[in-house]
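Below: one structure, written as structure tokens.
The values are calculated or read from the model by the stated rules, or taken from the named source; none is laboratory data. From a predicted model like this one, the values you see are computed outputs, not experimental measurements. Heads up, the Cβs are rebuilt from the backbone with ideal geometry, glycines too, and the neighbour counts pull from every protein chain shown. These area figures cover heavy atoms from the full protein model, side chains too; ligands, DNA and RNA do not enter into them. Shrake-Rupley method; radii C 1.70, N 1.55, O 1.52, S 1.80 Å.
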Amino acid sequence: MNVALIGYGYWGPNVAKNIYANKQLKLHTICDLKESRLEKAKNLYVEHSNYEVDYKKLLAKPEIQAIAVAVETSAHFQIVKDALNAGKHVYVEKPFTATVKEAEELTALASSKGLIIHVDHIMMYHPCIQKIRELITSGDLGELLYIEAMRMNLGQIKKDVSAMADLAVHDLSIIDYLSDGKEPFYIKAVGEKKYNPKESLTFLMLRYHDFIAHIQSSWISPLKERKLIVAGTKKMVVFDDIKPSTEKLTIYDKGVDVLAGSDVEYEDYAVKTRVGDIWIPYIPEQDALYNSLEHFANCIRTNKQSDSGPEQAIRVLKILEHADNTMNA
Ligand SMILES: NC(=O)c1ccc[n+]([C@@H]2O[C@H](COP(=O)([O-])OP(=O)(O)OC[C@H]3O[C@@H](n4cnc5c(N)ncnc54)[C@H](O)[C@@H]3O)[C@@H](O)[C@H]2O)c1
């Protein structure tokens, strides 16, 4: 299946590499407005791809079945809309669109044309996040208590989106995936603007029916952190994406036991902390971006909606939009 990639800036080269590596996909054309970016692509892919500045020319080509979009978020809407109108399936980088309204319009358009939209909520395709989901569904973790996510580093401060829209979108898609699409009934964010029109640092708090979540997103941190704590009543898991692939996931048999029975004396504590084994499970080494593109290709081949399709993306965008509209209020 021929795919054309639009956007070869910072992230586009990773998407190109994984399209090129995929047996179901063929990297037909790389497109970028900037000649300098196309020169970089040409040095790498030489005659294995075509190169184009004007994305509209790609859309007119019937041999291209799908478009991968890796341009700035604010430019997603128009390009995805044009691609769908030209009858192409769409892989689009996160966040899907800048607003819920745009996302709803594109969703209706794709559905009316029978086309697939796959949003690259890449973390859902990470083997460690898939393992955490397994631990939850098998009951090993117990009931979900809280999720704490930290995604911080110094830069790159973007102009068109806040750190929350750019970074928390990963964590919100993880929570959506781990909780089977649960939606929060309490959403509150505080943020600091200082260096650009949108916030460079945000703390987002969420209350779901049976658990709570806290998400830190920052481009003004002295440390680079990509950490997720998922705490259940039986076990707790820490996913540290900065660590080497074999050490990213740690499971702690730690928690709080509720004491019951005749040996619990009056005024004695009725709960007791539990400190047990700590282990690092074997997780097969896989590239999450490769898995995400493979899922996109499978969805087109089997005509199935993507697990990270527009429905999920709209749930995530609704949280971001509400948090943005009520920021610091
Ligand atoms: N999945 C992830 O982990 C991940 C990581 C980083 C970025 N991203 C996403 O990837 C997307 C791109 O981010 P980036 O950091 O690479 O941005 P970037 O600004 O570095 O690159 C965007 C590129 O798109 C090109 N472009 C813009 N409009 C175009 C058009 N109309 N036609 C052709 N080319 C056009 C620009 O010239 C630029 O080279 C964003 O949606 C971002 O959120 C995803």
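Before moving on, here are some points about what is shown:
- Within region 137-157, the presence of a residue that is part of a helix (DSSP H, G or I), at pLDDT 95 or above and open to solvent by less than 50 Å² (accessible area, probe 1.4 Å) is excluded.
- Pairs linking a residue in region 57-69 that is within 15 Å of the ligand (Cβ to nearest atom) to a residue that is assigned to a helix (DSSP H, G or I) and open to solvent by 10 Å² or more (accessible area, probe 1.4 Å), with Cβ atoms under 7 Å and 6 or more positions apart or on different chains, are LEU59/ASP82; VAL69/ILE79.
- For region 90-107, the criterion of being away from the ligand (no atom under 12 Å from the Cβ), of a type in the set (Ser, Thr, Tyr), out of contact with any His (no Cβ under 7 Å at 6 or more places or on another chain) and farther than 19 Å from TYR177 by Cα is met by at least one residue.
- Looking at ILE251, ILE187, ILE175, just one residue is open to solvent by less than 60 Å² (accessible area, probe 1.4 Å), over 24 Å from GLY276 (Cα atoms), part of a strand (DSSP E or B) and at pLDDT 95 or above, and that residue is ILE187.
- LEU223 being open to solvent by less than 90 Å² (accessible area, probe 1.4 Å), assigned by TED's automatic domain parsing to the domain that holds ALA149, not in a helix (DSSP H, G or I) and not hydroxyl-bearing (Ser, Thr, Tyr): no
- Residue list for region 10-44, restricted to those being under 19 Å from the mean Cα position of the chain (by Cα) and within 9 Å of the ligand (Cβ to nearest atom): TYR10, TRP11, GLY12, PRO13, ASN14, VAL15
- Residue in region 157-180 that is farther than 26 Å from GLU285 by Cβ and away from the ligand (no atom under 16 Å from the Cβ) present: yes
- Residues (within 15 Å of the ligand (Cβ to nearest atom) and surrounded by 14 or more Cβ atoms within 10 Å (Cβ to Cβ)) located in region 45-56: SER49, ASN50, TYR51, GLU52, TYR55
- Residue check, LEU44 assigned to a helix (DSSP H, G or I) and over 16 Å from LEU317 (Cα atoms): yes
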